[in-house]
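Peer 1: If you scroll down you'll find the structure; I have some questions about it.
None of the figures in this text is laboratory data; all of them are computed from the coordinates on show. As the structure is a computational prediction, the values presented were derived from the model and not from experiment. Heads up, the Cβs are rebuilt from the backbone with ideal geometry, glycines too, and the neighbour counts pull from every protein chain shown.
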Amino acid sequence: MGSTEQYLRAHNVKVAVESTDETSFTAMLPNLLGLLVLLALLFILLRRSNLLGNPMGAMTKHLAEARVGDTDQVTFAQVVGVDEAKHELEEVVEFLKAPGSFSQLGARMPRGILLVGPPGTGKTLLSRAVAGEARVPYFSLSGSDFVEMFVGVGAARVRDLFRHAKKSAPCIVFLDEIDALGRRRGGAQIRTNEEREQTLNQLLVEMDGFNTDCAVVVIAATNRPDVLDPALLRSGRFDRRVSIDAPDLNGRRAILNLYAAQKPLADSIDLDVVARQTPGFTGADLANLLNEAAILAARNKKLAIGTQELEEASLRVMAGPEKRSRMITPEEKAIIAYHEVGHALVMKSIAKSDPVHKVSVVSRGQALGVTIQLPLKDRYLTSKSELMSRMAAAMGGRAAEEIVFGDVTTGAKQDIEQATSIARQMVCEFGMSERLGLVTLHRKGDGDSQFFSELTAADVDAEVKALTDVAYRQAYDICQSRRATLVRIAEHLQVVETIDGDELERLLVAVESSVVPSLAEVKESGVAARIAAAAARDWEDPSAGSARESDPGPPIAAS
């Protein structure tokens, strides 16, 4: 426009410029109305979510109120196998039902109860049963629910939770996995987390703020009590601890009867036998066992759960589902068979080793083969000789590979990890090292942090290696001295793929008494001939015997 105007003026042409923009109020009115409508909608939304008065209100209020559950259907009758823990918590139920009877005698109910036990033992279910028996509201949150990226959110949630709990008293406040919130503060080996510490401080303040007549009971659960902050465990807070261990034989029997009441079982099923065969199983494991058995029975179009389904379900729980689709070459299958039989042979040769339950070359989970032991009874103490037996059993697979094939594979990775872990516990925690003596070189709650000198660390490593070397030597000697048995049972395992404990015992008796197994037990005659030929070579070839006698054993590196 400027250049055109200058051109016209240069040629003496009169130019008049008039603006066409309209800035009247009527032109701006539609835009203003639209803006006002948007502001009004935003104001309504903020007011409903309570963000105007408290920017964190929506995060805290909704979280606490949404976790109030109806626990009328959960009672102590549905919690079995933990009779001592139920007995400890019965007085909590009485306190919630009639708090006045305690206050008349000057008694004060503990403000906090800490349930300690491995995962799956029923800590959460037991807390719900307390609320169900007392028929009181039940607030349930996890320790991780209080930890957020925004500073102050966790503390605000704690305040809101206890505000609602006091209004709903008498009630139960359950904090699951409290170690995520109440981990020990400070320390050179622990990183400071300001948000978590602020949340923990607020929890401590709220628990101190209870009146003596406030009928609010805080129940927390953890499987790591060693990492909790001491301030959380002092008197007046979580001053009562209830231990919930894995159920014993009677507990497992009661749990199986409870869950089996809703499932059809075959007449041949004896739950007492199942209870004896599942030592170490938690309540969750037993529930999963029966559920997996029911699923297998349904897939097999059966009307009741049979022995086959229970056996397969037990293996699923202990080792994972079968993976028959995994492509295993015949050479790899042979290595796996010798590896697993090596484990079993060492286990059967050591006096204090647990009985072998099953040996299999069928892949399960991440394992290419499995050898499962089941103890005869529940044990609460383990001797040094038993720990050495476990290490030797773990080394049996590696020793069998070296003896038969003259080479080793990566299949013993987990076995070596297990043996090393046992040896390190013996040295650092159990005081079972003659070299280091009766000392504890493990600080609870600090993970693998080292708080001793480099010289001591070198001694620990040397002692751990010495223990694993002794275990491997023992496993090697057993497999070498019983090589013929190792060969024949491993060849048999490649055919049948799975051998249970009773069948393994019969095979050991037959092989070592020079009785050749019946060919009817072997599915393929070609493989049967190979078994017989291998056995004949091992038993009748004198060079094999002299080689065994002159074998110096496995190489053991000097520490």
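Peer 1: Just grab the label-to-label distance for A10 and A98, each label 7 Å out from Cα along the Cβ direction, in nm (one decimal).
Peer 2: In this crude spin-label approximation the distance works out to 11.2 nm.
Peer 1: Same structure, new question: Once the other residues with Cβ under 12 Å from the Cβ of T456 are scored (Lys, Arg +1; Asp, Glu -1), what is the net sum?
Peer 2: Once positives and negatives cancel, what remains is -3.
Peer 1: For the stretch 249-319, what is the convex hull volume of the alpha-carbon atoms per residue, in Å³?
Peer 2: Considering the Cα atoms of the stretch 249-319, their hull volume per residue is 75 Å³.
Peer 1: So, one more: Applying a 10 Å radius around every beta-carbon, put 462-472, 93-103 in order of their mean neighbour count, most first. Don't skip to the answer; put the middle values down first.
Peer 2: Numbers: 462-472: 19.5, 93-103: 16.1.
Highest to lowest by the protection proxy: 462-472, 93-103.
Peer 1: Can you give the charge dipole size of the stretch 249-319 about its Cα centre, rounded to the nearest 20 debye, using +1 on the beta carbon of Lys and Arg and -1 on the beta carbon of Asp and Glu?
Peer 2: Dipole magnitude for the stretch 249-319 comes out near 140 debye.
Peer 1: Can you pull out the trypsin sites (Lys or Arg not before Pro) in the stretch 359-430 whose DSSP state is coil and whose Cβ has at most 10 other Cβ atoms within 10 Å? Can you show the working numbers first?
Peer 2: On the way: sites: R364, K377, R379, K384, R390, R398, K413, R424; in loops: K377, R379.
Listed in order of number, the matching sites are K377.
Peer 1: Using 0.36 nm per residue of separation minus the Cα-Cα distance, give me the extension gain between V509 and E84 in nm, one decimal.
Peer 2: Length difference between fully extended and current span is 148.5 nm.
Peer 1: Using a 10 Å cut-off around each Cβ, can you sort Y476, Y259, Y138, Y7 from fewest to most neighbouring Cβ atoms?
Peer 2: Values: Y476 25, Y259 18, Y138 22, Y7 11.
If I rank by nearby Cβ atoms, fewest first, I get Y7, Y259, Y138, Y476.
Peer 1: Moving on. For a label point 7 angstrom out from the Cα of D500 toward its Cβ, which stretches of the stretch 263-283 have the backbone nitrogen within less than 17 Å?
Peer 2: Answer for the stretch 263-283: 266-279.
Peer 1: Continuing with the same structure: Kindly state, to the nearest 0.05, the FRET efficiency for L438 paired with D239, given R0 = 35 Å and r defined as their beta-carbon distance.
Peer 2: On the way: r = 32 Å, r/R0 = 0.91.
With R0 = 35 Å, the Cβ-Cβ based efficiency is 0.65.
Peer 1: Among Q277, A294, G251, pick out the residue whose Cα is farthest towards the positive end of the charge dipole of the stretch 249-319, where Lys and Arg carry +1 and Asp and Glu carry -1 on C-beta, about the Cα centre.
Peer 2: A294
Peer 1: Under the 0.36 nm per residue contour assumption, what length would be gained going from the current alpha-carbon distance of L125 and K302 to full extension?
Peer 2: Working: separation 177, 0.36 × 177 = 63.72 nm, distance 3.16 nm.
Going from the current span to full extension adds 60.6 nm.
Peer 1: Still on this structure, I have one more. Which ordering of H11, H339 is given by a fewest-first count of other beta-carbon atoms within 10 Å? Don't skip to the answer; put the middle values down first.
Peer 2: Working: H11 6, H339 27.
Neighbour counts put them in this order, fewest first: H11, H339.
Peer 1: Can I ask one more? Based on the Cβ-Cβ distance of T420 and T456, what FRET efficiency does E = 1/(1 + (r/R0)^6) give at R0 = 25 Å, to the nearest 0.05?
Peer 2: 0.90
Peer 1: Let me ask something else. Tell me, what is the FRET efficiency for Q73 and Q277 to the nearest 0.05, using R0 = 35 angstrom and their Cβ-Cβ distance as r?
Peer 2: Between Q73 and Q277 the formula returns 0.65.
Peer 1: How much length, in nm to one decimal, is gained on full extension between D248 and A284, taken as 0.36 nm per residue of separation minus their Cα-Cα distance? Before the final figure, lay out each step's value.
Peer 2: Details: separation 36, 0.36 × 36 = 12.96 nm, distance 1.39 nm.
Fully extending the segment from D248 to A284 adds 11.6 nm.
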